Structure formats: C-alpha cells, structure tokens
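The values are calculated or read from the model by the stated rules, or taken from the named source; none is laboratory data. This structure is a prediction, so every number in the text was calculated from the model and none was measured. Using ideal geometry, Cβ is built from the backbone for each residue, glycine included, and neighbour counts are taken over all protein chains shown. We work out accessible area using only protein heavy atoms, side chains counted, and drop any ligands, DNA or RNA first. Shrake-Rupley method; radii C 1.70, N 1.55, O 1.52, S 1.80 Å.
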Amino acid sequence: KQRHKYKKMKMGEKGSLTTERFEMLDSIGFTWEWKRYLNSSKVIKSQYEDCLVPLTYNEKLGVWVQTQRRRLREDEKQNPTTKMRMKKLNSLGFAWETKI
C-alpha cells in the first residue's frame, strides 16, 4: 500500500503519503522499488565493473536502467529526490550516456 501511495506522490497526484512519512519510512529501511533496483545495480557493478545492464541479462533491471537515464536527464526541476538519486547512481559510476 505504501508503494502505491509513493507512486502517486512521484507522479504528482494527491495522496496520503506526505514527504515526512516518505522520509520516515525511508529512514527505517523501507525497500522502495527504486532502492531494490539500485541494490541490483550495485551487484552488477561488483561483478562486471560497470553499470551497463543489457536487456538480455535481466530485462526488468535493464528497463529500469534505461528509465533512470531518460527520467533523470529529462527532470529539469531537479527536485531533492532526483538529486539524491543522481548522487547515488553517480557514486556507482552509472553511465548516463551509452554508445550503441
């Protein structure tokens, strides 16, 4: 239920998940979908020395990586959540641009 409320909050829809509640849940280790995929990216980085995830390796994770590139590049507002996510991905050596 909290994940559903979080998705609504991310999309800018009115909901009952306040920023304070989000921060409280996050501080006690609530595993958001984003955090789960970030942890998977850390595993990939430790095994392959980069964060390039081909769709053939793990389709869901590969789509998530592509989505992060697109969403975080397109977010001109750079809200605090976006900045925090970019910082975490940058600390992994996340490849924002890839060569085809």
Tabulate in residue order the Karplus-calculated ³J(HN,Hα) for the range 46-61, using 6.51 cos²θ - 1.76 cosθ + 1.60 with θ = phi - 60°, rounded to whole Hz; enter x for Gly and Pro. 5, 7, 10, 6, 8, 10, 7, 10, x, 4, 6, 6, 7, 4, 5, 5
Amide H partners (placed H, <5 Å) of residue 95, local residues excluded: 51
Need one value: the accessible area of residue 63 in square angstrom, 1.4 angstrom probe, rounded to the nearest 10. 70 Å²
Using the Cα centre as the reference, give the magnitude of the dipole from point charges on the C-beta atoms of the range 31-88 (Lys, Arg: +1; Asp, Glu: -1; all else neutral), rounded to the nearest 20 debye. 260 debye
